[in-house]
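Data block below; observations after.
The values are calculated or read from the model by the stated rules, or taken from the named source; none is laboratory data. Being a predicted model, the structure only gives us computed values, none of them experimental. Cβ sites come from the backbone with ideal geometry, for glycine too, and all protein chains shown count toward neighbours. What goes into the accessible areas is simple: the full protein's heavy atoms, side chains included, and nothing from ligands, DNA or RNA. Shrake-Rupley method; radii C 1.70, N 1.55, O 1.52, S 1.80 Å.
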Amino acid sequence: MYLRKAAVSLLRRVRLPSHSIFTSVSPPTTSMAIATPLPFSLSRKIQFPNQFGNGSSWSTTYADPPIWTILSIQAAIILGINVHPVFADDGSNQTNTESDIQGANISGLRKIEDGSVISNVHTSKWRIFTDNGRDYFLQGKLEEAEKFFLSAIQEAKEGFGERDPHVASACNNLAELYRVKKAFDKAEPLYLDAIRLLEEAFGSEDIRVGVALHNLGQFYLVQRKLEEARVCYESALKIKGRVLGRGSADYADTMYHLGTVLFLQGRLNDSEVVIQDSIRVLEESGQGESMACIRRLRYLAQIYIKSNRISEAENIERKVLHIMELSKGWNSLDTVVAAEELGLTLQSSGSLKEAQELLERCLDAWKTLLPEDHIQIGANMLHIARVVMLNYNQLRGMHVSDAIAEIDKAKGLLNNAIRIARKVISKSKTQNKKQGYGVSGETRRDGYAAVIILLQSLNELGLLEINRLELQESGAKLSSTPEVKNAHFECISAYKELATERLIGDLRQVKAEYLSCLKHLSSLLDAEGTTEYRGTTLQELKGDIKRVEDDISQSRRHKS
């Protein structure tokens, strides 16, 4: 059970010819003074390609970066950092409360131990309410937690005074709760109140203000308010640099977060410089092999991939894999994830033999670490099938028998990926009917992943059958092999069925896969001169294509 949960948190990607991931890329949790960090995890969002097939383009979506802390020192509580930012490209940040809680990093949790000289009935209640609020949050009981945090604010005001930093801490905690609940309109005033109180108490250049600004930057990043986030991070960075020094881990942490914002703003060169500096600080302080540094290296690799600097990305990913193998051994989830990242990058660079060997080794490892029908195994099979089809393209003109063998191998992998995806979707359907929208974050994530894998695999299966026909020397017509159209039609039918059952939400990546299926089937019917297939007319297909294209275009404009 532990491995299964850990695997879900580490599912990094469904990335095929290019780069897309099941990723949680997060910098380290840092704190100042004596910390009582209330936990957050990233709600790990699945990222999938916009298109598929050789030379496809991809879009990556990342989870929101969460923050939650209470820090106490003598006479005052200050805010600290407990952040898990991840990079994003061009998708929405949809947070799942359960994944925020269950995936939380709670290793540093401590009860509040306030050393303030002030002590009265209100301060005692403040401590109790804050601790209770934290405990309920950890249990996923957000309504109860909210009541305690509201009470904590009131007790802090009565026990310490209306303008006391303890009130700032209580406001920050409630703000974070509202962030998880996506009550952003309630959260922002609380963040701003916390910063204002800290500035009044300690001055605008105080480190506590810098940490609070960092947290506010995280809040804006969750909402994709990138310019506001950038301003907050840059302000926090100036304060931390002046107070802590440019070689401190906290300074490097904010630098890394600023780099992620610059990346999302499309300022790739600036982002690269900032993140490289944050990595350098860790390496110079002896933390070059820490998980924090590894996460930043992975982010840097993504920047290189985005910039089409594949060889530089490959070098970083080789370094990461080497570190993971030495520190954790091959059969660990982290190591297998690192190996799969490298395998997919090798595929992008055309190093197909090494890519296939590495991905197949990953598949063997996944099978020992996960249940046999885990969705990650289906994703890996899809990865390998893509590499096999690229091998086929190289063999088809020279060794026909070998090329046919590659097609057969790819078909077997795709059929297994389809089988696993259908099984996971069936489980998701069952739980959805039983629990409605109360299904677990893990089940929901697996379901979304399975939908993408199913659509991609069916679509790829149709393309595979087209390749098989092209390999035939008899010049057989496409209409002579129903498998070609059947695979694309099943892809379309699966999408419509899942959309009707409201299992796929409004994910643009899913729509993009559906659009690809529509276009392939429409092209096949056009080429044959066929106006209808299995009750669906060519005109209806073209109408659906136009509608989905408009939906995707509108979604992009909305996100920009």
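A compact table of results
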read-out: Residues of the range 211-240 satisfying the condition of being open to solvent by less than 20 Å² (accessible area, probe 1.4 Å), in contact (Cβ under 8 Å) with a residue 40 or more places away in the chain and of a type outside the set (A, V, I, L, M); value: 214, 215, 217, 218, 219
read-out: Matching helices (runs of 4 or more DSSP H) fully within the range 120-218 where at least 3 residues are closer than 30 Å to residue 245 by Cβ, at pLDDT below 90 and in contact with a helix residue (DSSP H, G or I) (Cβ under 8 Å, 6 or more places away or on another chain); value: 165-180
read-out: Residue under evaluation residue 266, criteria (1) surrounded by 17 or more Cβ atoms within 10 Å (Cβ to Cβ); (2) on the phi > 0 side of the Ramachandran plot, criterion not met; value: (1)
read-out: Subset of the range 402-422 (residues that are in contact with a Leu (Cβ under 9 Å, 6 or more places away or on another chain) and of a type outside the set (A, V, I, L, M, F, W, C)); value: 402, 406, 411, 415, 422
read-out: Any chance residue 332 is polar (S, T, N, Q), within 30 Å of residue 250 (Cβ to Cβ) and open to solvent by 10 Å² or more (accessible area, probe 1.4 Å); value: yes
read-out: Close pairs from the range 538-560: first basic (Lys, Arg) and at pLDDT 90 or above, partner open to solvent by less than 50 Å² (accessible area, probe 1.4 Å) and assigned to a helix (DSSP H, G or I), Cβ under 8 Å, at least 6 apart; value: 542/522
read-out: Hits in the range 509-552 (condition: more than 25 Å from residue 449 (Cβ to Cβ) and within 27 Å of the chain's Cα centre (by Cα)); value: 550
read-out: Scan of the range 407-431 for residues that are over 24 Å from the mean Cα position of the chain (by Cα) and surrounded by fewer than 23 Cβ atoms within 10 Å (Cβ to Cβ), ordered by number; value: 407, 408, 409, 411, 412, 415, 416, 419, 430
read-out: Counted residues, the range 431-467 - those being assigned to a helix (DSSP H, G or I) and either hydrophobic (A, V, I, L, M, F, W, C) or modelled with pLDDT of 80 or more (or both); value: 22
read-out: Boolean, residue 380 is assigned to a helix (DSSP H, G or I), open to solvent by 10 Å² or more (accessible area, probe 1.4 Å) and under 13 Å from residue 413 (Cβ atoms); value: no
